[in-house]
Amino acid sequence: MEPLELEDQFVTTEAGYQLHYQSAGTGEPLIFLHGGGPGATSFGNFYYNAPAFLEQYQCFFYNMPGYGQSSKLVVEAPMYSFHASMLAEFMDLVGIPRAHLVCQSFGGCAAIKLAIDHPERVNKLVLMGAQPMFGGVIDPLKLMSKHAANIILDYYGGEGPTPEKMRRLLADYEMHDDSKLTDWTVNDRFANSTDPELLEVARTPGFMGQPESLLGDLHRNVVPTLCLWGLHDWFGGPDVPLMFLNQFANAQLFIEGQGAHHWQTELPERFNRVVLSYLSE
């Protein structure tokens, strides 16, 4: 894959928060939303998928507050509601009345909240490893044992973040086949996880926002939704997306047997084929 670089762009919310994004391509608008792990960005989470999507859509790689070069702040509100409102304001600021949303993990939860409250803003919703409550939903299937429960705390503890710690975190929590983890991903995530403003904000307990469960509202999602799951996802077993399938009004499910939490990175061609086919239906 040829190296891909996109220009950094910014908008400012009514409250004065800076929202960072990158955009390119032509066609229907499609917004990528990243996960909540250290150093996550939308461009980084979907770097190996971007070229295929840019051929067909006007793509926006949006970074939620606290990530990328967006404002770092202590969120003093229910976390998914806050980020859903920020996403809606971002769409207003860049002139997107309605878009496809392709989302990773934490970003998917914010997107579910937006789809529930404002279905007119979402064309189709794609959820990759999303869980609708803070702290997980259901215990993962006991498919693997390579994971250390305290690795995220370890990442910021002790001597602080290091590239090797980041490599271990990504291998243990996000990948099934560790050989698919690239130096580009490790370096990008490490650089974004060591922003001095982020490290300062992260000293505040609960800085990501108030825990929020969406379980009681899942039945209100009427937006066509594709639920993607990796069979080896450490954050939950396939019973999580099956719950979506049961609750959402219009949902499909694809489970990847050779992937984990970030199988769009491990198997980009398969991810691209599945998602692009769904969006074109």
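None of the figures in this text is laboratory data; all of them are computed from the coordinates on show. Keep in mind that what you see is a predicted model, and the values were worked out from it rather than measured. A quick note on method: Cβ atoms are made from the backbone with ideal geometry, for glycine too, and the neighbour counts reach across all protein chains shown.
Quick notes
- Residues residue 18 and residue 210, FRET efficiency given R0 of 22 Å [Cβ-Cβ distance, rounded to 0.05]: 0.45
- You can think of it this way: the chain between residue 219 and residue 179 has 10.5 nm of extra reach, that is 0.36 nm per residue less the Cα-Cα gap.
- Nearby aspartates and glutamates by direct alpha-carbon distance to residue 124 (threshold 16 angstrom, same-chain neighbours under 8 apart not counted): 28, 281
- Length gained on full extension, residue 203 to residue 242: 10.4 nm, using 0.36 nm per residue less the C-alpha separation.
- Charge dipole magnitude, Cβ of K and R +1, D and E -1 - the chain, Cα centre, debye nearest 20: 500
- At an R0 of 25 angstrom, the distance between the Cβ atoms of residue 6 and residue 270 translates into a FRET efficiency of 0.60.
- The DSSP beta bridges internal to the chain are antiparallel in roughly 30% of cases.
- Prolate/oblate/rounded label for the chain (Cα gyration tensor, a/c 1.5): rounded
- In order along the stretch 48-62, the phi-based Karplus estimate (6.51 cos²θ - 1.76 cosθ + 1.60, θ = phi - 60°) of 3J(HN,Hα) comes to 7, 9, 3, x, 5, 6, 5, 6, 10, 9, 7, 9, 10, 9, 9 Hz; Gly and Pro are listed as x.
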